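To keep things clear, I will list the structure first and then write my remarks on it.
Derivation of every value follows stated rules applied to the coordinates shown; laboratory data play no part. Just so you know, these numbers come straight off a predicted model, no measurement behind them. Neighbour counts run over all protein chains shown; Cβ positions are idealised from the backbone, glycine included.
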Amino acid sequence: MVDRLETLVNTSKVMPVTGSLLMDRKKILELVDQLRLQVPQEIKSAEEVLTQKDQIISQAMVEARRAKTKAEDEFKEKLGQSEQRKRADDMLREAELKAARMIEQAESECNSKRTEADAYALRALRAFERELNSLNGSVRKGIDMLAGNALVSSGAGPVSTMTMDR
């Protein structure tokens, strides 16, 4: 349309002195009518483009919000998993340390009990040894006494006795 109007202006006769154009009225009115018909159509097309643009922007914003929410949820989930993993690792380390302390304490108590048991056994064996030595002395005295009595009754010489070694 604009090109046809421009062609009409360029091909029209110029009036000398005033520079005005002498144009064909019928052609101009015909162009104006076509412009009137075409402009609303162009406006309607532009409005449709704007509506589509608004819909595209709106849809893009919805998608962006959805993607942002999804990313935030994934981040929170991974952060939660990371925190849970850290807590689990901390609990495991704490349990390992506690177990090591318990083992160390048990070994210490075991060594202490073993030392106490060894000392008790040594005391008991020494007491038993003293008792045996005492009994051995009593046995020796009994043997010596019986041997002496046997000599006196039989009128024979001294009887040889065996000594017990410790």
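The table for this structure:
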item	result
In order through the stretch 83-99: 3J(HN,Hα) via Karplus (6.51 cos²θ - 1.76 cosθ + 1.60), integer Hz, x for Gly, Pro	5, 5, 4, 5, 4, 5, 4, 4, 5, 5, 4, 4, 5, 5, 5, 5, 5
Eligible lysines near LYS78 by straight Cα distance, threshold 30 Å, same-chain separation 8 or greater	LYS68, LYS70, LYS86, LYS98
log10 of Debye I(q)/I(0), alpha-carbon scatterers only, for the chain at 0.13, 0.15, 0.17, 0.18 Å⁻¹	-0.98, -1.06, -1.13, -1.17
Karplus-derived 3J(HN,Hα), 6.51/-1.76/1.60, for each residue of the stretch 44-49, Hz, glycine and proline x	4, 4, 5, 5, 4, 4
Distance (nanometres) between label positions extended 7 Å along Cα→Cβ at ARG140 and LEU122	2.7
Table column - 3J(HN,Hα) (Hz), the stretch 103-110, Karplus curve with 6.51, -1.76, 1.60, x for Gly and Pro	5, 4, 5, 5, 5, 4, 5, 4
Label-point separation in nm, ILE43 to GLU96, each point 7 Å along Cα→Cβ	7.9
Packing-based exposure ordering (other Cβ within 10 Å, fewest first) of THR11, THR18	THR18, THR11
Least to most buried among ASP3, ASP33 (fewest other Cβ within 10 Å first)	ASP3, ASP33
Distance between modelled label sites at ASP3 and ALA150, nm, 7 Å Cα→Cβ extension	15.7
Length gained when the stretch GLU72-LYS113 is fully extended (0.36 nm per residue, less Cα-Cα span)	8.8 nm
